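Engineer: Questions regarding the structure given below will be posed in turn.
The values are calculated or read from the model by the stated rules, or taken from the named source; none is laboratory data. A quick note: this is a predicted structure, and the numbers were derived from the prediction, not measured. Here the Cβ positions follow ideal geometry from the backbone for every residue, glycine too, while neighbour counts run over all protein chains shown. These area figures cover heavy atoms from the full protein model, side chains too; ligands, DNA and RNA do not enter into them. Shrake-Rupley method; radii C 1.70, N 1.55, O 1.52, S 1.80 Å.
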Amino acid sequence: MNDLHGILFAYRSDANLGELTRPRNTCSLAFGGRYRLIDFMLSNYVNAGITDVGVIVHESYQSLLDHLGSGKDWDLSRKHGGLRILPPFSYAEQGHGEYRGNMEALAGVAGYLKNIRQDYVIMGWGDVAVNLDVEAVYDQHIASGADITVVCTPTLNGAPRFSEYVEVSADGRVTDLSVHPTSADKALESLEIYVMSKQLLMDMVEYCAAHDVHSFSRGVLQPRLKSLKLMPYIHQGYAGRFQSVGDYFQRSMDLLDPAIRADLFNPARPIRTKDMSNPSTYYGPNSVSKCSLVADGCYIEGEVENSILSRGVIVEKGAKVVNSVLMQGTVVKAGASLAYVIADKNVTINADRMLMGHSTYPLAIAKGTVV
């Protein structure tokens, strides 16, 4: 796969995720106990043999920099190529604030794009939880002779007002693209992952920069559906989208399903993350843990059920955690009770407190809060 270059969009801080994305961008959000969302697409690229990856960031990316480092944990720490973080230095002079769309983000790193060594590019968002066979996507792109291949899923789980949908003709070609409709009436949802040639991408970036076009879907794909051969790649496995606090909670609870875990964490295409080298989790003699995912380095003396605990979480004796997601460093003190709660990093729940949300409206607690 040395002829394919990876681009990851990691500049989005989705306000619909509320307190969860206030201190970080969406791609650096913890998921599954020991992972960040960006781990999934980055691992997909690496598993396909891609050795050069550019990550486009804009603001609130300190947490992402700390997580990715030099890219060593993804085998992307290299003298030539490897992992490159692309901040908006050349774009900042234009004074528009944050990127208005992915074509504007690409224009902001045009100098990097011109120096890409590969003939083909795959680009996608870093905030989708999916185990994608990128090699199969690339092979289909070459075999079909498509100008652009778009990765789609038949499972419609995104909110229509934040999602894109494609319509496919009998010969397998994309004939229509709906962007943020009021309802999902199409059979395929786009994951906004695309494969195309470097030359086509550069032509599009130059055109969009000259005409102040900032959206790839509305400004490039929709007007060119007839002139470009746009083909779908249908991903049949699990794909998690994170467009609200409720989405984050539901996608986290999905991981308690063994079938979904087996698909998302396929050992043939492993999901890599930053190595923390934590000690094993300690379970007290009277502790209870049922149907939960518990990362290394936790200390559990209370009860945990149907929950996901990140590294370093402490659940003291007499505390009870049910249907909740606790991020790194959260402390639940003796006698406290949590249900349908999402606790960000380093949250402390004092003794005998009772916090309760609902499956459709979980209670999100901001990073570093003491309750």
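Engineer: With the requirement that a residue be of a type in the set (D, E, K, R) and loosely packed, with under 14 Cβ neighbours inside 10 Å, what does the range 337-358 give you?
Structural biologist: Correct list: Asp352 only.
Engineer: I need the full set of residues from the range 146-157 which are assigned to a loop (DSSP other than H, G, I, E, B), closer than 23 Å to Arg173 by Cβ and open to solvent by less than 50 Å² (accessible area, probe 1.4 Å), in order please.
Structural biologist: Listed by number, the list holds a single entry, Ala146.
Engineer: Given the conditions (1) out of contact with any strand residue (DSSP E or B) (no Cβ under 6 Å at 6 or more places or on another chain); (2) in contact (Cβ under 8 Å) with a residue 24 or more places away in the chain; (3) open to solvent by 40 Å² or more (accessible area, probe 1.4 Å); (4) farther than 24 Å from Asp133 by Cβ, and given that Ala15 satisfies all but one, which numbered condition is not satisfied?
Structural biologist: (2)
Engineer: Right, next: Please go through the range 290-318 and pick out each residue that is among the hydrophobic types (A, V, I, L, M, F, W, C) and closer than 19 Å to His358 by Cα.
Structural biologist: Cys291, Val304, Ile308, Leu309
Engineer: Could you count how many residues in the range 291-308 are part of a loop (DSSP other than H, G, I, E, B) and either without any contact (Cβ under 8 Å) to a residue 60 or more places away in the chain or more than 26 Å from the chain's Cα centre (by Cα) (or both)?
Structural biologist: The total comes to 8.
Engineer: Right, something else. If you scan the range 158-192, which residues turn out to be among the acidic types (Asp, Glu) and open to solvent by less than 70 Å² (accessible area, probe 1.4 Å)?
Structural biologist: Within the range 158-192, Glu164, Asp176, Glu189, Glu192 qualify.
Engineer: What are the residue pairs meeting all of these: first residue in the range 309-327, first residue in contact (Cβ under 8 Å) with a residue 60 or more places away in the chain and under 21 Å from Gln250 (Cα atoms), second residue hydrophobic (A, V, I, L, M, F, W, C) and open to solvent by 30 Å² or more (accessible area, probe 1.4 Å), Cβ atoms under 8 Å, and 6 or more apart or on different chains?
Structural biologist: Leu309/Leu293; Leu309/Val294; Arg311/Met276; Asn323/Met253
Engineer: Please verify whether Ser60 is closer than 30 Å to Val245 by Cβ and surrounded by 13 or more Cβ atoms within 10 Å (Cβ to Cβ), treating the condition exactly as stated.
Structural biologist: So Ser60 fits the description; yes.
Engineer: Would you confirm whether any residue within the range 118-138 is surrounded by 17 or more Cβ atoms within 10 Å (Cβ to Cβ), modelled with pLDDT under 90, aromatic (Phe, Trp, Tyr) and at negative phi?
Structural biologist: no
Engineer: Can you give me the number of residues within the range 18-47 that are open to solvent by less than 10 Å² (accessible area, probe 1.4 Å), of a type outside the set (Asp, Glu) and not in a loop (DSSP other than H, G, I, E, B)?
Structural biologist: Qualifying residue count for the region: 12.
Engineer: Could you list all residues from the range 224-247 that are under 13 Å from Arg173 (Cβ atoms) and in a loop (DSSP other than H, G, I, E, B)?
Structural biologist: Across the range 224-247, the qualifying residues are Leu225, Lys226, Ser227, Leu228, Lys229.
Engineer: Of all residues in the range 105-145, which are assigned to a helix (DSSP H, G or I) and of a type in the set (Val, Ile, Thr)?
Structural biologist: Val134, Val137, Ile142
Engineer: Let me ask something else. Looking for something touching an Asp or Glu at 6+ places or on another chain (Cβ under 7 Å), without any contact (Cβ under 8 Å) to a residue 24 or more places away in the chain and open to solvent by 60 Å² or more (accessible area, probe 1.4 Å) - is there at least one such residue anywhere in the range 252-270?
Structural biologist: no
Engineer: Now, a different point. Take the conditions assigned to a helix (DSSP H, G or I) and more than 19 Å from Met41 (Cα to Cα) and apply them to Arg161. Does it pass?
Structural biologist: Answer is yes for this residue.
Engineer: Something else now. For the range 312-336, how many residues are open to solvent by 10 Å² or more (accessible area, probe 1.4 Å), under 28 Å from the mean Cα position of the chain (by Cα) and at negative phi?
Structural biologist: Total satisfying the criteria: 4.
Engineer: Can you say whether Tyr361 is open to solvent by 10 Å² or more (accessible area, probe 1.4 Å), in contact with a strand residue (DSSP E or B) (Cβ under 6 Å, 6 or more places away or on another chain), over 22 Å from Thr281 (Cβ atoms) and not small (Gly, Ala, Ser), as far as the supplied structure shows?
Structural biologist: no
Engineer: Still on this model: If the Cβ limit is 7 Å and pairs must be 6+ apart or interchain, which residue in the range 199-213 that is without any contact (Cβ under 8 Å) to a residue 24 or more places away in the chain and closer than 19 Å to His5 by Cβ pairs with which residue that is of a type in the set (Ser, Thr, Tyr) and surrounded by fewer than 16 Cβ atoms within 10 Å (Cβ to Cβ)?
Structural biologist: If the second residue must be of a type in the set (Ser, Thr, Tyr) and surrounded by fewer than 16 Cβ atoms within 10 Å (Cβ to Cβ), no pairs are left.
Engineer: Which members of the range 287-336 meet the condition of being among the β-branched types (Val, Ile, Thr) and out of contact with any Phe, Trp or Tyr (no Cβ under 6 Å at 6 or more places or on another chain)?
Structural biologist: Val288, Val294, Val304, Ile308, Val313, Val315, Val321, Val322, Val325, Thr330, Val331, Val332
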